[in-house]
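Participant: I am attaching a structure below and will ask some questions about it afterwards.
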Amino acid sequence: KLRGTPHYWKDVQKDIRAFLRQNKNAPTLFMSLSMADTKWNELIDILVRIRERDARATGTKEKPMDTTDFNVRAKLIREDPITCARYFCHRRRALFQNLLLGGRMVLGEIEDYFGVVEFQYRGSPHCHFLIWAKDPPIVEDANIDQIRDFVDDAISTNTDVLDDEGLKKV
């Protein structure tokens, strides 16, 4: 059951097959999420505060850091991968609770989902999800307009529909 081993991935594959059998149809959407760790100011602020707290605890003098510099941000992230991974998990949970499953439901009603978290070579987590939407159009039975409307409702690249926090306006 060790993550990343062939036995682990065989179990994941069995879980996905069980999902497919149970839902009796293919997933409606596939979603990948990657960590934008160097661009998340909240994460950098947390890492700086942890570093300052540790410096106070050891009695060392901490020099001010230029957190706008990419190399400084990357160094902070490399020095504390556990906090970074926990922050990513927090954001992933918030995305599902506030935008996908409850609250805004930006992809419509979701019946089920299956996800796996992986770590890139540099250590940053990313995840992939299979999502089963409620009442999607069946390709064989629907006309092209129904399919296009469903996709347009679920997926948007138009920033005009986003508010200042990047949330879809309802």
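The values are calculated or read from the model by the stated rules, or taken from the named source; none is laboratory data. Bear in mind the structure is a predicted one, so any value in this text is a computation, not a measurement. No Cβ is skipped: glycine too gets one built from the backbone with ideal geometry, and neighbour counts run over all protein chains shown. When the accessible area is computed, the model is the full protein with side chains, heavy atoms only, and any ligands, DNA or RNA have been set aside. Shrake-Rupley method; radii C 1.70, N 1.55, O 1.52, S 1.80 Å.
Participant: For ARG49, indicate whether it is in contact with a Cys (Cβ under 9 Å, 6 or more places away or on another chain), open to solvent by 40 Å² or more (accessible area, probe 1.4 Å) and either of a type in the set (Gly, Ala, Ser) or free of Cβ contacts under 8 Å to residues at least 60 places away in the same chain (or both).
Facilitator: Numbers: in contact with a Cys (Cβ under 9 Å, 6 or more places away or on another chain): no; open to solvent by 40 Å² or more (accessible area, probe 1.4 Å): yes; either of a type in the set (Gly, Ala, Ser) or free of Cβ contacts under 8 Å to residues at least 60 places away in the same chain (or both): yes.
No.
Participant: Identify the residue in the stretch 18-48 that is modelled with pLDDT of 85 or more and among the charged types (D, E, K, R) and, among all such residues, is farthest from ILE110 (Cα to Cα).
Facilitator: That would be ASP45.
Participant: Which one is most open to solvent (accessible area, probe 1.4 Å), of the residues in the stretch 96-133 that are charged (D, E, K, R) and closer than 30 Å to TYR8 by Cα? Working first, answer last.
Facilitator: Residues of the stretch 96-133 charged (D, E, K, R): 104, 109, 111-112, 118, 122.
With closer than 30 Å to TYR8 by Cα added as a condition, the list becomes 111-112, 118, 122.
Numbers: GLU111: 112, ASP112: 43, GLU118: 54, ARG122: 149 Å².
Out of the qualifying residues, it is ARG122.
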